[in-house]
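What follows is calculated from the coordinates using simple rules that are stated; it is not laboratory data. Only a predicted model underlies this, so the values are computations on that prediction, with no experimental measurement involved. Note that we place each Cβ from the backbone using ideal geometry, even for glycine, and neighbour counts take in every protein chain shown.
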Amino acid sequence: MAIFDTQVVSEHEDGAISSAVELLRAGNLVAVPTETVYGLAADATETCAVQQIYAVKGRPSNNPLICHVSDAEMARGYVEIPPIAEKLMERFWPGPLTLVLPRLETANVAAPVSAGLSTLAVRCPARQSTRQLIRALGHPIAAPSANPSGRLSPTSAADVLAGLGGKIAMVIDGGETEEGIESTIIGVTAGKLYLLRPGTVTVDEIADAAGETVYDRDESEITAPGQLASHYAPNAPVRLNATDAADDEVLVGFGDVAGDFTLSLSGDLREAARKLFRTLRTADAAGARAIAVAPVPMSGIGIAINDRLKRAAAPRNS
Ligand code: TXA
Ligand code: MG
């Protein structure tokens, strides 16, 4: 794998976007901020560049990638958009909602983006600099989270460097991400909606906007092969629903459980999502034998937080 002197450039710096576009056009990978987590971007039409994403992350080749578009217009060139999906795009784009839709036969995307499926995941990120970059490139970017496969997702440029420094050409630094966890993923098939991954856009908000039920992924034929049991793993093992910690554990609190670090002292779920991966990194860096985490309520955004925590605590794949 090529060794790079990874450049870090502020999203506000003059020429940042145009040099990133040049690198992408030449088949390189560039990490970009979004409102959720940092993404590892390749031009979605370039097969070699997309293959590099899998190589650099150590990602299983059967785990498809999300195509990030600059607007709904761009998405129309790649996927079939039924009226119910149209409604969701109108309400939530740009923003942290990914839609899995039938890929158009005419769609110009590199085959490894879909990893053998007939669908394509599309998302229009809220982060303006990244939409600008996509518009300037003129193609969608394929971008998974910019972390080694299975590890904590990055919410700052420094997190990206810690995991992928030396392996990618450039990181665009846009500070800490606002949402803190990955987008909600909704699969749309035969006019029905299925929750494939919970996020900060909640099922209730989606059901409200669509005027339809959102079904569980288990009831769907849509496969999301990348949703492995163990994911988002810090170095230390994670113990859930803890109200106190053993001597050699560090306690991550929420609400009434103060802990050594807290996700949100006031019990605010949006704040807890924003701080989740940052806090797990900090707890890991404290060098504890294990990370104990306080209970987080299973409602609203808490469903997404618990999904990430459950995977962080699951037995490791390797
Ligand atoms: O917020 C996000 O979505 C971030 C930022 C960078 O945009 N991206 C992200 O990508 O979380 P990644 O690759 O870490 O997670 C994408 C998930 C994977 O679980 C993958 O299996 C699923 O989306 N996925 C992608 N394409 C799919 C498809 N066609 N059908 C079903 N699942 C799909
Ligand atoms: Mg990921």
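Ranked by Cβ crowding within 10 angstrom, fewest neighbours first, how are Val293, Val257 ordered? If you can, show how the numbers build up before the last one.
On the way: Val293 28, Val257 22.
If I rank by nearby Cβ atoms, fewest first, I get Val257, Val293.
Could you list, in their original order, any pairs among Lys167/Lys275; Lys192/Lys310; Lys167/Lys192; Lys57/Lys275 whose Cα atoms are separated by more than 30 Å? Don't jump to the answer; show the numbers that get you there.
Values: Lys167/Lys275 26 Å; Lys192/Lys310 27 Å; Lys167/Lys192 40 Å; Lys57/Lys275 23 Å.
As for pairs spanning more than 30 Å Cα to Cα, those are Lys167/Lys192.
Taking the Cα centre of the stretch 1-152 as origin, work out the dipole magnitude from +1 charges on Lys and Arg Cβ and -1 charges on Asp and Glu Cβ, in debye rounded to 20.
Numbers: 12 positive and 14 negative charges, 91 e Å.
The calculation lands at about 440 debye.
How many nm separate the modelled label positions at Asn62 and Asp208, each set 7 Å beyond the Cα in the direction of the Cβ?
3.8 nm
Let's see if you can work this out: charge +1 on each Lys and Arg Cβ, -1 on each Asp and Glu Cβ, no other charges. What is the dipole magnitude of the chain about its Cα centre, in debye to the nearest 20? Could you put the intermediate results ahead of the total?
Numbers: 27 positive and 38 negative charges, 145 e Å.
Its charge dipole is roughly 700 debye.
In percent, how large is the relative contact order of the chain, given Cα pairs closer than 8 Å and 6 or more residues apart? Show your work: numbers first, answer last.
Numbers: 730 pairs, mean separation 63.4, N = 318.
Result for the chain is 20 percent.
To the nearest 20 Debye, how big is the dipole of the stretch 159-264 about its Cα centre, given +1 on the beta carbon of each Lys and Arg and -1 on that of each Asp and Glu?
Values: 5 positive and 20 negative charges, 105 e Å.
Dipole of the stretch 159-264, to the nearest 20 debye: 500 debye.
To the nearest Å, what is the center-to-center distance of the stretch 58-100 and the stretch 156-187, using C-alpha atoms only?
Here the answer is 19 Å between Cα centres.
Toward the positive end of the charge dipole of the chain, about the Cα centre and with charges on Cβ (Lys, Arg +1; Asp, Glu -1), which of Val252, Ala115, Ser129 goes farthest?
Ala115
Zone of Ala26 (label point 7 Å along Cα→Cβ, backbone N under 18 Å): which residues in the stretch 51-82?
Only 52-53 fall inside the zone, counting backbone N under 18 Å.
List, in order, the whole-Hz ³J(HN,Hα) value for each residue of the stretch 305-310 obtained from phi through the Karplus relation with A = 6.51, B = -1.76, C = 1.60 and θ = phi - 60°; use x for Gly and Pro.
5, 5, 4, 5, 5, 4
Among Asn147, Asn241, Asn108, which one shows the biggest mean-square fluctuation in a GNM of the chain, springs joining Cα atoms closer than 10 Å?
Of Asn147, Asn241, Asn108, the most mobile in the Gaussian network model is Asn241.
Taking 1 over the mean of 1/r across every pair of different Cα atoms in the chain, what Kirkwood radius in Å do you get? Write down the numbers at each step before the final one.
Working: mean 1/r = 0.0506 Å⁻¹.
Mean inverse Cα-Cα distance, inverted, gives 19.8 Å.
Among Gly58, Ala20, Gly163, flag the residue with its Cα farthest along the positive direction of the charge dipole of the chain, charges on Cβ as +1 for Lys/Arg and -1 for Asp/Glu.
Towards the positive end, the residue furthest out is Gly58.
What is the extension gain from Ala286 to Asp5, computed as 0.36 nm multiplied by their sequence separation minus the C-alpha to C-alpha distance, in nm to one decimal?
Numbers: separation 281, 0.36 × 281 = 101.16 nm, distance 2.85 nm.
Result: 98.3 nm gained on full extension.
Separation between the Ala136 and Leu240 pseudo-spin-labels, each 7 Å from Cα along Cα→Cβ, expressed in nm?
Label at Ala136, label at Leu240, 4.2 nm between them.
When the helix-only estimate is applied to the chain (DSSP H runs of n ≥ 4, each -39,500 (n - 2.57), divided by the residue count), what is the mean residue ellipticity at 222 nm, nearest 500 deg cm²/dmol? Kindly include the intermediate steps, with their values, before the conclusion.
On the way: 10 runs with 94 residues, N = 318.
Value at 222 nm, helices only, nearest 500: -8500 deg cm²/dmol.
Taking the chain as a Gaussian network, Cα atoms linked when under 10 Å apart, which of Leu251, Leu265, Leu280 shows the biggest mean-square fluctuation?
Leu265
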